[in-house]
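Below is one structure; the comments refer to it alone.
Laboratory data are not the source of any read-out in this text; all were calculated from the coordinates shown. Please read these numbers as outputs of a predicted model, since none were measured by experiment. Here the Cβ positions follow ideal geometry from the backbone for every residue, glycine too, while neighbour counts run over all protein chains shown.
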Amino acid sequence: DDATEFNAYSREARMERLKSSGDGIHNDATENADPSYPDDTGMGSMFNNIEDQSEEQSRFAAQLSGGWNKSVMDSEDELSPLPKIMERLAILEEEKNAADARLEEEFRLRGESEEKYYREKRSILEEAASDTQMNAYVGMESDSSSSD
């Protein structure tokens, strides 16, 4: 039976990949498999997941190896825009901080100005109220003395 043979072959290929997942070696069974072959077992997606995991493990192992830094330094030309971008971002951050500091200073000065004008306004209003009360009191005294 073709399905049974395919399942056995697939299982063998999967086991081989699992054993060699850290080496980055892939079995040709799934890479060269005929895509038109019907996969009634639903194993195709599982093969892809295992293959993806194997690739991820391989990349992770490469990053942990001693040659990772050397490979990054060797490809510095390809990565050279990154330091420029990071420098531009740092400059932008400094400009933002400077603008924030200016805004904080402006806010502080505005508060002081508002307080100054509030005090002057209050003083004028209190003086006007006092004058109005005094005039009313004087007006009442003159009315009462002329009535006598």
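Values as computed for the structure displayed
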quantity: Close pairs from region 119-131: first of a type in the set (S, T, N, Q), partner surrounded by fewer than 10 Cβ atoms within 10 Å (Cβ to Cβ) and assigned to a helix (DSSP H, G or I), Cβ under 6 Å, at least 6 apart; calculated: none
quantity: Residue tally, condition surrounded by 10 or more Cβ atoms within 10 Å (Cβ to Cβ) and either touching a residue at least 12 places away in the same chain (Cβ under 8 Å) or part of a helix (DSSP H, G or I) (or both), over region 68-78; calculated: 7
quantity: Region 79-102 residues that are loosely packed, with under 10 Cβ neighbours inside 10 Å, paired with ones that are basic (K, R) (beta carbon under 9 Å, 6 or more apart); calculated: none
